[in-house]
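The values are calculated or read from the model by the stated rules, or taken from the named source; none is laboratory data. Everything numeric here is computed off the predicted structure, so don't read it as measured data. We place every Cβ from the backbone using ideal geometry, glycine too, and count neighbours over all the protein chains shown.
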Amino acid sequence: MRVTEYVTYDATGLAQLVAAGEVTPAELEAAAHEAAQAVNPRINAIVETWQADDRPGPGSTPLAGVPFLVKDIGVSMAGRRMELGSRLAAGNIADADSSLMLRFRRAGLVTFGRTATPEMAYSITTEPAPYGAVRNPWDPERSAGGSSGGAGAAVAAGVVPMAHATDAAGSLRIPASCNGLFGLKPTRGRVSMGPDVDEIFNGLGVHGSLSRTVRDSAALLDRIRGPEPGDPYFAQEPARPYAQEVGRHPGSLRIGVLARAWGGRRPTAPVADALARTARLLESLGHQVEEAEVELGVEWEEFVLADARLMTANLTALVDELAAAFDRPIDTSTLEPETLAGYHYGQRVSGAQFVAALAMRNRVARSLARYYDGHDILLTPTLPELPMPLGAYAEGAEALDGLGWIDRLNDRSPFTMAFNVAGTPAMSVPLMADAGTGLPIGMQFAAGHGLEGLLFRLAGQLEQASPWSGRTPAVWAGDHPTP
């Protein structure tokens, strides 16, 4: 299959070709490698590729034979490196598949590489020291977001139709917005973190994917959802497969719009205009749309402080574990300034402060849950501004302590973190673009606990009403025909 044809299909479409015998998984993988070779030198999204050892039979699942990439953190693949974007973990090779990797294999996906992540996934831009900055395919001088920025850039540029992503503070939704993709963060406990860990960042982190179509994300979540023995908690099983929700009418929904973030940050003019246009689109589809007042349950400063304590304490434990495993020092030779600052801050977090931070998590979850007594959906911008220029996040980072870095990330992405704390599903939908630059602008939709099905129904309706699949970025594999 030629690359110019390969990029016209989503994952579901490619799997249907495999099931019909029109193309083989090996042919699709070859096209994916060609696409990567064509665009990765310009976007730097992929850390490593290999010849996949997965060869699923045709038609074994709705995704059988589809080329796939995993993020360089959070999922272990036997015999392959997972280095967490860090010099501290360089050369780390997994000795077994994680639960999620086993599910990717059972889904029939052909995993042939790993995508870049910022060090320890500890940023919302992907510019790791070992591999360099990931560049946004829409404007290579701008960030592709983070921490799943490598996945976002690879999917947006046409290397694969979807890729693995994680989200502990917006790390899936932010790259979705920056790269013009669909990304849904599932409910806490929807996808197992096993077997080596029970939860990531005390339940803030989840697994998901980035895709160019809604149906692909739904199909993949159907294949990877569900608990494993020993999981600390799990989400209630949906009434029907998510793939069946995408074409169902969502009904007339009560949608609140939050234009000003909890910390007081207002979106820039292009994003505010996109939010207003989205509200009008929703009204035209028969939804009830109104401005919303949503109580966070805590003051913003307390939220950021507790967030910093949770994240840095977890970071400190991870860094200590890696340093001991590889017998490496914990200093500027192994860690970037913001990670090292977070490590030292986490060393000073007391047990009582950590427990108080967990109490904040509970208060936020209870407060946001009350919002859904009167509404079905909450709409916000995914990000308050267009994708940032490369290097902007790191300016002055060496002068920040662990709290200062977390405060910077929350200021740049003030709408996403609350839903990680609450553990509820939220999605970024690439509905709009900036008229001046052509850059994509994602809109975030959040729902109550366990209601991914509702979000998929709404996303499917929006995809039909305002299609985005015809938009392609400046760096696009389809512009590089196979010789």
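Of (1) surrounded by 17 or more Cβ atoms within 10 Å (Cβ to Cβ); (2) without any contact (Cβ under 8 Å) to a residue 60 or more places away in the chain, residue 41 satisfies all except one. Which?
So residue 41 meets the others, but not (1).
Report yes if residue 145 is in contact with a Cys (Cβ under 8 Å, 6 or more places away or on another chain) and either part of a helix (DSSP H, G or I) or modelled with pLDDT under 95 (or both), otherwise no.
Taking the combined requirement at face value, the residue does not satisfy it.
Residues being of a type in the set (Val, Ile, Thr) and out of contact with any Gly (no Cβ under 7 Å at 6 or more places or on another chain): count how many of those fall in the range 435-473.
Total satisfying the criteria: 2.
As an exercise: evaluate residue 424 against (1) under 19 Å from the mean Cα position of the chain (by Cα); (2) among the polar types (S, T, N, Q); (3) surrounded by fewer than 23 Cβ atoms within 10 Å (Cβ to Cβ) and give the number of the one condition it does not meet.
The number of the failed condition is (3).
From the list 321, 336, which one is under 23 Å from residue 197 (Cα atoms) and of a type in the set (Asp, Glu)?
321
Residues that are modelled with pLDDT of 95 or more and in contact with a Gly (Cβ under 6 Å, 6 or more places away or on another chain): does the range 384-401 have at least one?
Looking through the range 384-401, none of the residues is modelled with pLDDT of 95 or more and in contact with a Gly (Cβ under 6 Å, 6 or more places away or on another chain).
Pairs, please: C-beta under 9 Å, at least 6 apart or cross-chain, first residue at positive phi and in the range 184-204, second of a type in the set (Val, Ile, Thr) and crowded, with 19+ Cβ neighbours inside 10 Å?
Pairs found: 189/206; 203/421.
Can you tell me which residue among 260, 248, 277 is over 24 Å from the mean Cα position of the chain (by Cα), basic (Lys, Arg) and farther than 28 Å from residue 68 by Cα?
On inspection, the qualifying residue turns out to be 277.
Looking at the structure I just gave you, is residue 105 free of Cβ contacts under 8 Å to residues at least 60 places away in the same chain and over 19 Å from residue 210 (Cβ atoms)?
yes
Of the residues 65, 91, 85, 79, only one is more than 27 Å from residue 321 (Cα to Cα) and touching an Asp or Glu at 6+ places or on another chain (Cβ under 9 Å); which?
After ruling out the rest, the residue left standing is 65.
Only one of (1) over 16 Å from residue 11 (Cβ atoms); (2) touching a residue at least 40 places away in the same chain (Cβ under 8 Å); (3) out of contact with any Gly (no Cβ under 6 Å at 6 or more places or on another chain); (4) of a type in the set (A, V, I, L, M, F, W, C) fails for residue 134. Which number is that?
(3)
Which one of 2, 81 is out of contact with any Pro (no Cβ under 8 Å at 6 or more places or on another chain) and touching a residue at least 24 places away in the same chain (Cβ under 8 Å)?
81
Could you identify the single residue in 460, 478, 453 that is in a helix (DSSP H, G or I), more than 24 Å from residue 242 (Cβ to Cβ) and in contact (Cβ under 8 Å) with a residue 24 or more places away in the chain?
Result: 478 is the single residue among 460, 478, 453 that is in a helix (DSSP H, G or I), more than 24 Å from residue 242 (Cβ to Cβ) and in contact (Cβ under 8 Å) with a residue 24 or more places away in the chain.
Does residue 277 qualify as being over 23 Å from residue 416 (Cβ atoms) and in contact (Cβ under 8 Å) with a residue 24 or more places away in the chain?
So residue 277 does not fit the description; no.
Please count how many residues of the range 336-352 are over 26 Å from the mean Cα position of the chain (by Cα) and free of Cβ contacts under 8 Å to residues at least 40 places away in the same chain.
5
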